[in-house]
Each structure stands twice: as structure tokens, then as C-alpha cells.
1. Does anything in the range A:376-410 have its amide N under 17 Å from the 7 Å Cα→Cβ label point of A:D77, and if so which residues?
2. Say the dipole of the range B:110-243 comes from +1 at the beta carbon of Lys and Arg and -1 at that of Asp and Glu; which of B:S163, B:A189, B:I241 then lies farthest toward its positive end?
3. Note the per residue figure in Å³ for the convex hull of the C-alpha positions in the range B:40-159.
4. For n ≥ 4 DSSP H runs only, could you compute -39500 (n - 2.57) per run for chain A, divide by its residues and tell me the 222 nm figure to the nearest 500?
5. D for the range A:36-121, whole µm²/s, Stokes-Einstein with Kirkwood Rh over alpha-carbon pairs at 4 °C and 1.567 mPa s: what number?
6. With 10 angstrom as the radius, rank A:T441, A:T207, B:T209 by how many other C-beta atoms surround their C-beta, starting from the fewest.
7. For A:D526 and B:E127, what does the FRET efficiency come to when R0 = 56 Å and r is the distance between their Cβ atoms, rounded to the nearest 0.05?
8. Going by a ≥ b ≥ c, the root eigenvalues of the Cα gyration tensor, does the range B:130-208 fall in the rounded group (a/c under 1.5), the prolate group (a/b larger than b/c) or the oblate group?
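We did not get these values from a lab; they are worked out from the coordinates using the rules stated. Keep in mind the model is a prediction, meaning the values are calculated, not measured. Here the Cβ is made from the backbone with ideal geometry for all residues, glycine too, and neighbour counts use every protein chain on show.
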Amino acid sequence: MPSHDVLVIGAGLAGQRAALAAAEDGASVGILSKVHPVRSHSNAAQGGINAALNPEDSWESHAYDTVKGSDYLGDQDAIEIMCKEAPNEILTLEHLGVTFHRNEEGRLGTRAFGGASAARTYYVADITGQAILHVLYEQLMRHDEVYRYEEFFTTTLVLDDDGHVAGCVARQMRDGTMELFAAKTVILAAGGNGQIYNPTTNALICTGDGIAMAYRIGGPLMDMEMIQYHPTTLAGNGLLITEGARGEGAHLYNAQGERFMENYAPNKLELASRDVVSRAEQTEINEGRGFPDGTVALDITKVPRKRIHEALREIVNVGRDFAGVDITREPIHIKPGNHYTMGGVKTDKDGRTEIPGLYAAGEVACVSVHGGNRLGANSLLDTLVFGRRSGKHAAHHARNHQMPEPPHSHVDDEEAKLRELIGRERNGRRVSEIRTELGRTMDEHVAVFRDEGGLLEAAQTVQRLKEEAKSVAIDDKGNVFNQDLFGAIELGFMLDNAECAIVGALERKESRGAQFRTDYPERNDDEWLKHIDLTLDGDRPNVSYSEVTITQWEPEERKY
Amino acid sequence: MPDYTLKIRRFDPESGRPAYWQEFGVDLPEERSVLDAILRAKDEQDGSLSIRCSCQAAICGSCGVRINGMSRLACNTKLSEAAEDGRNGAIVVEPMGNMPVIKDLIVDMDAVHWKKVQRVVPWLLPEGDPPAREYIVDPESMIDVTQSMACIHCGACVSACLSLEVDPEFIGPAALAKAYRFVGDPRDAHTEDRLLDLAEDPHGIYDCTHCFACVEVCPKDVAPMDQIMRLRRRATADYGIKDQNNGYGHEKAFTDLIEKYGTLSEAQLLPKSYGDGSLIRAQVKPAALKELGAKFPTVIRGLTSGKVSPKTALLHHKLQDQDQIRRIYEEVESKEDRLELNLYIVGESGGEEEGATSEGGQEE
Ligand SMILES: Cc1cc2nc3c(=O)[nH]c(=O)nc-3n(C[C@H](O)[C@H](O)[C@H](O)COP(=O)(O)OP(=O)(O)OC[C@H]3O[C@@H](n4cnc5c(N)ncnc54)[C@H](O)[C@@H]3O)c2cc1C
Ligand code: SF4
Ligand code: SF4
Ligand code: FES
């Protein structure tokens, strides 16, 4: 049985950063991922990463922007930590080899991003996430004391009799063997749940596995209703046009050629917070000022060609390959689309969850530094800062803890479940049908604008889909790369995520950040300046509340 | 909606059956991708059809396959294009080459690609402790190595590389491009060791035959061959590293001869490559002698068949408008430094022509 002081589940930025930090602290580390680490979804982050590193900038300014961006739902102690530690994190990455953009003096150069009062986004062309992910992976290749389990799919977390985490069960995808991992601590870094929406900017692997696994063993989830719609995604397939485009000077127009952001955010215009820009676009579209395909136009042609090639190359390719548009010459049609999971597994500022020994970091977690709305380029920062903190604290925790010896029955149980699934005769729906219906339902009712009627309808649909999922059958009966089987397991995880998002959205009877209730259009600090916690109770989420930590910024009206 | 036929090479290692072909019909709009079609077939017809994929946006590098014989990403290949090149109306999809097949379209990248990446010591090795703040480096140098950083490790070049087919030990295009990422990085303190290592390895930078296949197939315009050529230039020009196969001498002889004659003088190429023009000097080098010896039968055959006469071979004629060629040389040589345009650097005017063609990278 493989056993480690620290077992990291997920090898995106959060997971890899956590693994390196734990290893530096002397822990024996294993890192598991259902895809090869460099295929993790962190590689899709184009725009960059925030840090107040310039002498003229300050962490307080970064923190204030983040608090305001979160619509005051972010925990200010955690936000302070993130913003204070950001400069060091960037420098560490630079020293490890990330090829950050330089200014003329050869120092780190920045670009502007939405919701920020200074240009503090550091970047590598428009492959920032990929560049950082690959450099961290270089370090994993270098440090063979970090044991990599690549293409291992985790199916469940394992607790010991005292309710302390004891490891996990995972299936080696290549040959189908089921393995029990013993671990003194487990760090969940399994990413977000964008795939519960269709369309989404998220990759096919973003199925909320980590969120569901923590939930299933009793870990509370927090603010699951806070789901970000990104203002610039392609209509058909949900592909993202980075906020860097607006940062570099691109404008938004409606079908009548009006630069409509002037009416919604007269100061920050296109660079207001994402929730604000997405709502503005959706309002234009709903009120008939969009294009017939339900979009508005993003015009990048204002940005000089040389600059586009140097800094926005990837979206030139995206425009060309996926929309047939040369963005250097003509505007491209875009709309708001599902993008980011602000909610997740509830943690403290060291990544600790409420289950002893279990940590979470990155998009899977809700610390919460993003509150109701994440600022662009704050997510990579979140993965790195809280990845490192989790790694370090987990390593410490492991030092005072015995290696657990989880009984083999855990694997037997999982194996039996999967065997039953593989052997099932087909008499119900296919996984793909349920998945598509789920995605459409969420995009229709749990999107930029929400109301009770729509949410109740979505809740009903998800209940039905959960029933239907119990009898799905699969075609692949083999052991080698049985992707059909993984698809069915992921479907279960996704349905849990969707259910929690809807319950949270129904519960929060106000409009804050990404949650806009047309039936409760105002923010209501008196009643709702609080987190919504969900804990599994039977087979339904039980609702409770927790305080938002406020240190120095009292809630005020949000204007951009 | 057009109806497309996919002809997919299937392999199930557990069945005991050899690989076989299976056709799937899929209705999808023409602008959708081959990956969309494969996933549609998987979702609706046979869930056991296997392909790695995730981002659907040419970012994660999972979905490398061969489509109508060409190594590429399934997710950025449009159905309409693929159908045009298809055979008998079907879009032919096979697993990538040069790597063992695990199942259907899934190949073992660890056994080949990642092993080779590991071979080039793929991490930054700076000297001493890091500075208090960032390393201060030339901004262009960062943009320069970003072209190699753009590699998504999809394996398309590995699949297409002709040298790898002949010599499986060849380090290969993607790993060598990765090596350039460190050699070109001014923060790395082991440039010379790295170059020496890659030059002395018989499967290293001189094992590439310049066939362009990797440049052609790379979906991210990394142009691995260009990175290999840069490694060679740095090795020889900056560090005087001796090239086992004499590639740099060959390249220099090649360009010198074109400068002089406008066309290639085959008879002078070999002596010049080794001896910088002097037949005597060339001949004292054992490698040159060996190669001359090896070429001898070819030379004789040429002479006896009348294709080459001793006179034309030795007194190579000049092109009529040789002046123009001279001018190109003067233009290039008058530039300060080695001007290395790349994917992320286009000329000041921002026109497509510069930059775009110089490294053979960018399309349209
Ligand atoms: C298109 C796009 C652009 C973005 N741009 C930016 C940006 O410019 N700036 C910014 O700050 N943020 C950006 N973001 C957000 C940011 O990229 C993500 O939030 C962040 O990368 C998440 O990192 P992570 O490490 O938490 O998870 P991921 O990178 O998603 O990694 C999850 C890992 O978990 C593993 N995993 C999941 N389930 C299992 C399982 N069951 N078993 C084993 N392993 C499992 C996966 O294999 C993977 O390795 C962007 C997001 C998208 C979608
Ligand atoms: S140019 Fe060289 S590296 Fe590229 S495919 Fe041809 S032989 Fe391989
Ligand atoms: S160099 Fe290009 S083709 Fe080769 S692995 Fe990298 S991205 Fe793929
Ligand atoms: S699916 Fe990611 S590159 Fe094709």
C-alpha cells in the first residue's frame, strides 16, 4: 500500500505548489492526477497573475480591490494574507524559471486587468497558466522525492475511525487496478466544477470531483451559489477570450454600435468587475440590443498589431480556429459564459477543512478570498498562495500524526461498486444525455440572472437526473482506460455539485456578486452578509451559516 | 447538417485481437472539430471508443492523433477540412506514430516523449542564490524562449519525426525545443554544458535531418526544428563546440557557396564543409576522408553516367543575377547580432511578412 505523509489529489497549480512546499518541509509526498499534470486545467489561464510588487503599488490596494470585487463576501483576513504574500510568490516563480514578460529595463512588466486600481497583473504572453504549470512540473521532474501518480483517478476519500483523514482509493487508469493509499494528511486540489454548465470555458475534466468527495465524507461546502460568468466567451463552444484583451484596450459594443459600458460603469468601463460586465452584456442582449446570435461585440482591432502578436497571440488563434474571425481586423461576437467556481470546500487560511487532516487549495476550495466574485488574475494567485500554505501546514500536521492503516475493505467496497456499474444492463439513459441536460439546465436557470421559479425548476430537474443517474449503464466493459466508467463516476460528482449550487442560490435571498436574484435585486447586508455552509445530511445538503471576517474594510456600495 | 464518416483505428489490448478499423457516421456542422465528432460517436454509439482529451481548445495537448495520415490535434481540426483530405469519403483517424499504442487513440507518451524530455535536464539551473528581487534580463530574451514555452507536449512532432522513426534513441523535436528553452534563457548558468551534452550525444542536435515535418505539424507554432538549428548555431558559433557530424561546417559551406555562385556546387561542398575550402585541410580530417570515401562510388557513378563532368564539377558556373544574392547576404549580415525573429516578435511595422515567415512558424 503506497503511504505518504502528505497525499495531494490534483496536479494543477494548487496541487503542484502544495506538493513542492510539503516536500521542501521534509514530508514524503505523493501527488495523484486523473490527467498528466501538464494537462491540468490551470494551463488554460491566459491572462496572468496579480501581485502588488511595484514600489508604487501596495498590498492594501490589492486587498481592497479584492474585497470590493468580492462584494464584501470575501474573508478579509485571508485576503490580506493572499495579497501580502503575492509578491514573494511571483518572485519565487521567477526564480524557478517562469519567463514572465519584462519591461524595457528587464524587470517584471505588468498589464491592466478588470476591477484593479493599478496595473498589477504579471504574465507570460497569453500562456501564463501554462508557463507556470510547466515550470512547476519541471521542479517535480527534478525532485524525485515527490512521488507522481499520473493518470490515477481518485474515487473516494477514506477516514479512520476517529474521523481523521486516512487516505484515498484511486483507480490506475492505464490498467484499471484499484489502489488504497494511506496518508497522514490529504490535500484536495482537484479544481472547479465548470462542467456542470453547458457551455463553459472549463475543460472536460473540471467535474467538481474534489468538492463532491469532501462533501460525501461530511466536509462542509461554502458559498456554492457563487458561480462566475466570464464576460467574453464564444457563443457556440464557450471558449474564453481573455480579459487581457480588455486590459490591452479592447472595447465592447452592442449591435447598435454603442459602447454600452459607459452606461453601467462610467469610470472603469470594460474593466469593471466581471459580474458587473457580464450583467451589463446580458441586459443589452435581453433588452434586444444584442446581435441575433445572442451576443455583443468585442473589438480588439484598436490594439496595435505588434502588441496583439506579442501579448494576445493565443486568442488570435482561438478567433481563427474556433470562430473563423481574424480578431486583428474585425470585432468578435461574445457573451457571458460559465467560468469559475468561487464556492467550494470550506477551509481556513491554512487550507484546513473541518475534517482533521484534510486540506483543500485552489479552485476546489473556498477560503474565501473571492467571495461573491473573483477578480481576474486572482485565481492563479489563490492556487499558489494557498497551495503553498496547505502543503506546509499539512507537512507539519503529519509530523505529529501516526501513519494510518486503513483497512483493505475500502478498496473492496469501491471495487464492488464499480463492478456493479460496469456489469449493469442498459435500460436507462446514457451518461452523455444526462450530462447535457444538466449543463443546459444550469445555464438556463442558475446563470447571470436568477429567480425563485427558475431555481426551483432547476432543483427538480437535478433531482430527476440524480434518480436517472442511478441506472446509467456503460458500453466499455474493460479495464484499460475505461473512460466510459470515469464518465459515469464524474456524472455523480457533478450532480452533487449542481444540487449544492442550486440550494445555495435558493437560500441566498439577495443579490451579491455573481448571484443576482431578479426577485431580490438588492444586496442586503443586514441579513445576508454571511457565508452559506452546506453539509451532507442523509442525501441532501443541510444549510447553516458562518460569519464573514471583516478586518479593515466596512461594506460600502460598489461603484465602478 | 453534413453527415461525416469517421474511419477510426481501434485497438483493445484486452481482447487479444489485432488492431482493426471501424466506421462511425456523425451529423455535425462543418465548423466543428474532429474531436467533437469522435466524442459524439463515443457518446451516442460506442462508449468504449477511447481518446485523451480535455480542453477542446488546443491548450492541454491531450488529443494528438493522426488524421488522414497527418499528426495533429483532433480538437483544432475542422471536420470540413478533414473531410476534404479524407480517403474514399471517410476521415481517417489513427493513433500517433513513434509511440506504442495503449488503446484505440491513446498512446504511451511516458515511454517515449516524457522520457526524452527528462533527458534534457528540463529545469533551470541558475548560478548561486537568487537575487532579492527578479533576475534582470533582456526583455527580448524572455519573449524568445516563450516560443519553446508555448509547447503543449501534444507529441504531434514526435509522431511525425522522420529521424525518430529511423533512430528511436533520437532525443527528438519536442524535447530539443524544451532544451532550447533553457539554453536561450539568460538565467541559466549551464548553457555550455547543455550544448556540449546535446552536441556530443549521437542522438542529439545533429541527429535531426532537417526534414521540416515537426515544423509543419506543430499546432502551437513552436517550430522545433528552428529551435534545434538555434541550438546548433549557439553550440558552434558561441562556444566552438565541435560537431560530430560537422553540421555547422556543412551549413557554413552551404551558405558560402550560395553567396559565391547562387547555386550549390556539389563538388566543393564536402571539402569546404570540413576544411573550409581547402581540399588539403579537409583531407587530413579522418571524418572527412571517411565520408569522401563513402561518397566515392556516387561520384564515380555520376562521372561515368555523364551526369557530372569533371569540368562542370570543379568549375562551378555563377548565376547571372548573382549580384542580387550578394545583396541579400549584405542585408542580413549588416544586421546587428543574430536577428532571430520569432512567433511572438513581429517587426516594428507589425506586418505579417516579417516574423511570420522568418521562422516558418505562423500561418496566414
Ligand atoms: C479559460 C480559463 C482562463 C483562465 N484565466 C485565468 C487567468 O488569467 N488568471 C487567473 O488567475 N485565473 C484564470 N483562470 C482560473 C484558473 O485557471 C483556475 O482557477 C486555476 O488554474 C485552478 O487551478 P487548480 O490547481 O485549483 O485546479 P486545476 O488546474 O483544474 O487542476 C485540477 C487537478 O485535479 C485533478 N483531478 C481532478 N479530479 C480528480 C480525481 N477524481 N482524481 C485525481 N485527480 C483529479 C486534475 O487531473 C488536475 O490535475 C482561468 C480559467 C479558465 C477556465
Ligand atoms: S526537422 Fe528534425 S526534429 Fe523535426 S521532424 Fe525532421 S528530423 Fe525530426
Ligand atoms: S513542439 Fe509542437 S508538436 Fe511538438 S509536442 Fe510541442 S506543441 Fe506538440
Ligand atoms: S483537447 Fe486539449 S489539446 Fe485537444
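1. A:386, A:389-390, A:393, by backbone N distance to the label point.
2. B:S163
3. Working: hull volume 18.7 nm³, N = 120.
So the per-residue hull volume is 156 Å³.
4. Values: 16 runs with 199 residues, N = 560.
It comes out at -11000 deg cm²/dmol, rounded to the nearest 500.
5. Working: Rh = 14.0 Å.
Value of D from the Cα-based Kirkwood radius: 92 µm²/s.
6. Details: A:T441 24, A:T207 28, B:T209 14.
The most exposed by this proxy come first: B:T209, A:T441, A:T207.
7. Details: r = 60 Å, r/R0 = 1.06.
Step by step, r from the Cβ atoms, then E = 0.40.
8. Working: a/c = 3.37, a/b = 1.76, b/c = 1.92.
Here the range B:130-208 falls in the oblate category.
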